[in-house]
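What follows is a set of notes on a single structure, which appears directly below.
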Amino acid sequence: MKKYSPFFITRLLFIAIFLVFFSSACEKDEEEKPLVNQEFESFYQELKEWYYWNDQIPEIDPSSYNSLADILEAVRYQERDRWSFVTEWDEFWAYLNNSEFIGYGFGSKFDAAGNLRVTFVYNTVAMYDAGVRRSWIVEAINGVPITPQTNINSLLGAEQVGVSNTFRFLKPDGGTEEFTFIKENIVMNTVLHHEVIEQDNIKVGYMVLQQFTGTTSEEIKAVFENFSEQQVSELILDMRYNGGGLTSVARELASLIAGPGYDGEAFTKYEYNQNKSQYNKMDTLSTEPNSLSLNRLVTICTESTASASELVINGLRPYLDVHIVGANTYGKPMGANVFRFNTNWAMVPITFKTNNANDEGDYFDGLSVDIPANDGLDREFGHPEEASLQQALAFIGIGSAKTQELTTIPYKQPLEGEWNLRRMIGAW
């Protein structure tokens, strides 16, 4: 059987995207099975070459499986790999390159009382124009009361443009609002909030970053131009809902924080399996306009802080004092190459691990928090009484955190489950 080898087209989602193309489907059903088998066999062979834990791949008959996703699940190294997945190519490319997805454009999270709180709303969507903001409670969808047992993903319906749902919200002032919104093609603003906070004659830049996608670079450049003009001397980088994305953008952000004094210094080392060691490489910090040249970075994180956002923290630690406020991060010190199959599918298997300049990595249990703090779901970003920001500002001001009673939230929702594209997007 002929083996189809991938080739590079561009450096996206960590290192690269590979393409594997096959002929168009045959018209007769009896002619389709050999084509499918060829595709399945090729994918299996590529995994045996590229998968980071390829020495753990079992011998299987790819033709006995029903889909590429089934093959991926059959070979996945379950002891470590929580992240390899398959998704539709068009959806994947739209998200990664253009910051687009189909939905309503809001994040959500259960609080300790079991209320579903809005965590953020993109400023490009109808829900934002209607006035919905972080801290609002989603009381019901289509008349169905929302509880921690509600499968929100199922309730919201198919990820298709035109699907409508009616939301009833409880506002902070105790009033209620009801709106009907239609799923549309969303373009995210990946910087959710930014401002300069003056405290004890110290100018603190505060930026809430929710993604590392194709449009993020221009967004953070504009923010850092503002920070540079206002001569901020401290930075609070809020990545509490950041599921990751492009390492090229993570490296750019790290360079903007560290400044030109670290030009050429190692940011991240990428390590492949023994078969692909020729792809091992190192990304370095660079000189960027409007960089801040900071000695310290304060980050706000939660268990949703993953992948490229963790990369920024780990990559800067050899050079700066980096502190985590909030909670331990998710724990994803690995990266993926992307294979395109039969033009329709993006296969995203883990293919490499990352380390910083000091060869520190392997944070499978997450990066440890320095200053524990609650996610202040009842306050908007930038509010002086929002719990995590309050702790971060206290640390910058007096070097220690204020006393805060920490609460455990026992409730999860579908977006906090398995790793997939929707989990990376982190929004409905």
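The values are calculated or read from the model by the stated rules, or taken from the named source; none is laboratory data. Since the model is a prediction, treat every value here as computed from it, not as a measurement. Counting neighbours? That spans all protein chains shown, and the Cβs are built from the backbone with ideal geometry, glycine included. Surface accessibility is based on the protein's heavy atoms, side chains included, excluding ligands, DNA and RNA. Shrake-Rupley method; radii C 1.70, N 1.55, O 1.52, S 1.80 Å.
See the values below:
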item: Only one of 226, 185, 189 that is part of a helix (DSSP H, G or I) and either without any contact (Cβ under 8 Å) to a residue 24 or more places away in the chain or among the polar types (S, T, N, Q) (or both); result: 226
item: Search result, residues across region 408-428 that are at pLDDT 85 or above and among the β-branched types (Val, Ile, Thr); result: 409, 425
item: Within region 129-153, considering residues that are open to solvent by 60 Å² or more (accessible area, probe 1.4 Å), free of Cβ contacts under 8 Å to residues at least 40 places away in the same chain and of a type in the set (S, T, N, Q), the one farthest from residue 87 (Cα to Cα); result: 142
item: Among residues of region 249-277, those that are touching a residue at least 24 places away in the same chain (Cβ under 8 Å), of a type outside the set (D, E, K, R) and in a loop (DSSP other than H, G, I, E, B), counted; result: 2
item: Hits in region 229-245 (condition: open to solvent by less than 10 Å² (accessible area, probe 1.4 Å), among the aliphatic types (A, V, I, L, M) and not in a strand (DSSP E or B)); result: 239
item: Residues of region 333-345 that turn out to be open to solvent by less than 10 Å² (accessible area, probe 1.4 Å) and either part of a loop (DSSP other than H, G, I, E, B) or at pLDDT 90 or above (or both), as a count; result: 5
item: Answer from 52, 44 - the residue that is part of a loop (DSSP other than H, G, I, E, B) and modelled with pLDDT of 50 or more; result: 52
item: Subset of region 154-171 [more than 18 Å from residue 184 (Cβ to Cβ) and open to solvent by 70 Å² or more (accessible area, probe 1.4 Å)]; result: 154, 168
item: Considering residues of region 185-202 that are open to solvent by 70 Å² or more (accessible area, probe 1.4 Å) and among the acidic types (Asp, Glu) only, the residue farthest from residue 381 (Cα to Cα); result: 200
item: Selection from region 203-214 of residues that are in contact with a helix residue (DSSP H, G or I) (Cβ under 7 Å, 6 or more places away or on another chain), in a loop (DSSP other than H, G, I, E, B) and buried (at least 23 other Cβ atoms within 10 Å of the Cβ); result: 213
item: Residues being at pLDDT 95 or above and under 24 Å from residue 373 (Cα atoms) - total across region 233-253; result: 10
item: Total residues in region 346-389, condition polar (S, T, N, Q) and not in a loop (DSSP other than H, G, I, E, B); result: 4
item: Selected residue [at negative phi, among the hydroxyl-bearing types (Ser, Thr, Tyr), modelled with pLDDT of 95 or more and not in a loop (DSSP other than H, G, I, E, B)] from 217, 291, 286; result: 217
item: Tally, over region 294-307, of residues that are under 19 Å from residue 244 (Cβ atoms) and either free of Cβ contacts under 8 Å to residues at least 60 places away in the same chain or part of a strand (DSSP E or B) (or both); result: 4
item: Count of residues meeting criterion [surrounded by 19 or more Cβ atoms within 10 Å (Cβ to Cβ) and of a type in the set (A, V, I, L, M, F, W, C)] in region 54-88; result: 7
item: Index of the failed condition, residue 254 passing every other in (1) buried (at least 23 other Cβ atoms within 10 Å of the Cβ); (2) among the small types (Gly, Ala, Ser); (3) farther than 24 Å from residue 328 by Cβ; result: (3)
